[in-house]
Amino acid sequence: MKYYSLNNQSPEVSFKEATIKGQAPDKGLYFPKSLPKLDKNWFDDIAGKTNEEIAFDVIQPYAGEDIPEADLRRIVKETIDFPIPLVKVTDNIYSLELFHGPTLAFKDVGARFMSRCLGYFAKKESEKVTVLVATSGDTGGAVANGFYDVDGVDVVILYPSGKVSSVQEKQLTTLGKNITAIEVKGTFDDCQQMVKQAFADTSLTSEKFLTSANSINVARWLPQQFYYFFAYKQWQQKDALPVICVPSGNFGNICAGMLAHISGLPVQHFIAACNANNVVPRFLDNGNYEVRPAVATLSNAMDVGNPSNFVRVLELFNNNFISLKKILSGYTITDEETKATLKQVKKETGYLPDPHGAVGYLALQRYLEEHPGEKGIFLETAHPVKFYDVVEPVINETVPIPDAIQQILPLKKHSVVMDAEYGLLREYLLKN
Ligand SMILES: *Cc1c(COP(=O)(O)O)cnc(C)c1O
């Protein structure tokens with residue numbers, strides 16, 4: 001598979017190059033040159049396939065020229081070695097639980113797949129890669145965990161001291177091995193600035209092979225298709241195709257779902273569920289794509305004012321607004337509605353979503369009220385315990401901490417404390 005830049009000013013590249021570069025030199029996002037199709041027989045037999053077989057068949061056309069079959073099968077197996085169950089919540093609403101990975105959020109799948117691809121490429125080049133990232137909390141945990149113990153890859157994560165939650169800090173600082181956490185005496189913006197300076201510093205990058213683990217990387221975006229195939233495999237409703245509702249921020253996840261649909265996956269309709277950061281729902285209503293600065297909400301992983309992946313959604317539909325609107329609807333859910341939904345769903349069904357899942361649940365419920373007889377799935381993108389400070393006061397109960405988190409709480413933190421000065425980071429990277 002070749003990948004072209006959506007800005008059309010850079011040469012086409014292989015999967016390997018797109019993964020290593022992240023973004024094209026013209027600052028465009030990479031996009032696959034052709035869209036693979038899976039045939040009807042493949043879908044008819046899906047119930048008899050393992051998740052590993054499904055995921056391999058889906059990703060093989062995208063990565064198979066650069067990674068031999070046996071290695072790609074191993075990478076896929078390690079990426080999805082946790083359950084992704086479809087759980088019935090009401091007669092017409094199901095939850096696809098994407099939070100059973102090590103950091104309890106769906107970003108684990110993309111981070112793991114990308115880390116193992118980079119590890120494979122690094123080993124072949126016998127050159128060590130250093131992944132350098134700044135985190136405000138959540139991405140760092142998924143990246144740290146995803147890259148943990150991957151041969152040939154070192155990870156350096158910068159986080160603002162005292163400004164991440166205690167669980168998030170443990171996730172960053174207790175792994176050790178190839179993961180180093182740098183605790184910056186400053187803000188998230190300071191961390192990001194230091195990372196940007198490192199990438200722009202050619203005297204450093206000529207000595208060290210630096211790369212980012214940015215969420216627009218094709219190796220993080222493409223494996224998110226797996227969820228939608230796993231959902232279909234578990235969908236037992238013979239009378240209706242699923243309506244799929246995705247809590248969306250940067251639009252990478254839903255874009256992967258729509259790509260799966262174009263590759264043949266049967267889906268009735270897609271819903272983009274957004275919080276107050278609703279540039280896409282407004283665009284679907286009135287045709288104007290009007291970017292606004294992000295505002296803070298309770299579903300903070302979706303607080304994105306200008307979703308980077310939406311250009312990929314447009315490309316999937318050749319920028320045809322009419323055909324996009326046939327398959328995609330958008331809903332805006334307020335914080336008040338999010339809290340009310342958490343409370344109501346818990347009370348009426350016993351199921352407890354997280355704030356992002358609650359946004360998805362309510363958007364799906366609204367759509368189904370307008371389309372009687374249809375049934376749907378919302379993607380539950382994080383475990384409610386990750387947002388206990390929002391969830392617990394609303395339901396008036398504590399949320400039990402899952403084993404994966406319980407285990408890291410007593411571990412000792414290891415971090416490199418640093419003032420917010422680029423020179424110090426440079427010195428550290430050159431020495432280590
Ligand atoms: C990242 C994230 C989202 C948004 O996903 P996008 O691919 O950016 O649209 C939703 N929920 C949670 C919990 C997330 O971490």
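The values are calculated or read from the model by the stated rules, or taken from the named source; none is laboratory data. Here the structure is a predicted model, which means the values were calculated and not measured. No Cβ is skipped: glycine too gets one built from the backbone with ideal geometry, and neighbour counts run over all protein chains shown. Side chains are part of the model used for accessible areas, which takes the heavy atoms of the whole protein and leaves out ligands, DNA and RNA. Shrake-Rupley method; radii C 1.70, N 1.55, O 1.52, S 1.80 Å.
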| task | Identify the single condition in (1) within 16 Å of the ligand (Cβ to nearest atom); (2) open to solvent by 40 Å² or more (accessible area, probe 1.4 Å); (3) closer than 29 Å to Ala219 by Cβ that Val295 does not satisfy, given that it satisfies every other one. | result | (3)
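Between Ile67, Ile59, which is away from the ligand (no atom under 16 Å from the Cβ), assigned to a helix (DSSP H, G or I) and surrounded by 15 or more Cβ atoms within 10 Å (Cβ to Cβ)? First the steps, then the outcome.
Values: Ile67 fails: assigned to a helix (DSSP H, G or I).
Residue meeting the stated conditions: Ile59.
Taking the conditions exactly as written (open to solvent by 20 Å² or more (accessible area, probe 1.4 Å), of a type outside the set (A, V, I, L, M), within 21 Å of the chain's Cα centre (by Cα) and under 19 Å from Gly257 (Cα atoms)), does Asp81 satisfy them or not? Spell out how you get there, then give the answer.
Details: open to solvent by 20 Å² or more (accessible area, probe 1.4 Å): yes; of a type outside the set (A, V, I, L, M): yes; within 21 Å of the chain's Cα centre (by Cα): yes; under 19 Å from Gly257 (Cα atoms): no.
Considered against the rule, which asks whether it is open to solvent by 20 Å² or more (accessible area, probe 1.4 Å), of a type outside the set (A, V, I, L, M), within 21 Å of the chain's Cα centre (by Cα) and under 19 Å from Gly257 (Cα atoms), Asp81 comes out as no.
Say we look at the stretch 312-336 and pick out the residues that are under 24 Å from Asp138 (Cα atoms) and crowded, with 18+ Cβ neighbours inside 10 Å; which of these is nearest to the ligand (Cβ to nearest atom)? Spell out how you get there, then give the answer.
Initial filter on the stretch 312-336 (under 24 Å from Asp138 (Cα atoms)): 312, 332-336.
After this cut, where a residue has to be crowded, with 18+ Cβ neighbours inside 10 Å as well, the list is 312, 332-333.
Working: Arg312: 11, Thr332: 15, Ile333: 13 Å.
Ranking the candidates gives Arg312 first.
Say we look at the stretch 374-413 and pick out the residues that are away from the ligand (no atom under 16 Å from the Cβ), over 17 Å from Ala273 (Cβ atoms) and of a type in the set (Lys, Arg); which of these is least open to solvent (accessible area, probe 1.4 Å)?
Of the stretch 374-413, the ones away from the ligand (no atom under 16 Å from the Cβ) are 374-376, 392-398, 400-401, 403, 406-413.
Now narrow it down to the ones that are over 17 Å from Ala273 (Cβ atoms): 392-398, 400-401, 403, 406-413.
Restricting the remaining residues to those that are of a type in the set (Lys, Arg) gives 412-413.
On the way: Lys412: 147, Lys413: 78 Å².
The selected residue is Lys413.
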| request: Test each condition in (1) within 16 Å of the ligand (Cβ to nearest atom); (2) of a type in the set (S, T, N, Q); (3) assigned to a helix (DSSP H, G or I) for Thr103 and report the one that comes out false. | output: (3)
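Considering each of Asp138, Asp108 in turn, give the residue that is touching a helix residue (DSSP H, G or I) at 6+ places or on another chain (Cβ under 8 Å), among the acidic types (Asp, Glu), more than 23 Å from Ile20 (Cβ to Cβ) and within 16 Å of the ligand (Cβ to nearest atom).
On the way: Asp108 fails: more than 23 Å from Ile20 (Cβ to Cβ).
Result: Asp138 is the single residue among Asp138, Asp108 that is touching a helix residue (DSSP H, G or I) at 6+ places or on another chain (Cβ under 8 Å), among the acidic types (Asp, Glu), more than 23 Å from Ile20 (Cβ to Cβ) and within 16 Å of the ligand (Cβ to nearest atom).
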| query | When you go through Val109, Val76 one by one, which is the residue that is part of a helix (DSSP H, G or I), closer than 30 Å to Thr341 by Cα and either out of contact with any Asp or Glu (no Cβ under 8 Å at 6 or more places or on another chain) or open to solvent by less than 30 Å² (accessible area, probe 1.4 Å) (or both)? | reply | Val109
| Members of the stretch 349-373 found to be touching a residue at least 12 places away in the same chain (Cβ under 8 Å), in a helix (DSSP H, G or I) and open to solvent by 30 Å² or more (accessible area, probe 1.4 Å), listed by number | Thr349, Gln365, Arg366
| message | Here is a list: Trp221, Trp235. Which entry is over 20 Å from the mean Cα position of the chain (by Cα) and farther than 30 Å from Asp419 by Cα? | response | Trp235
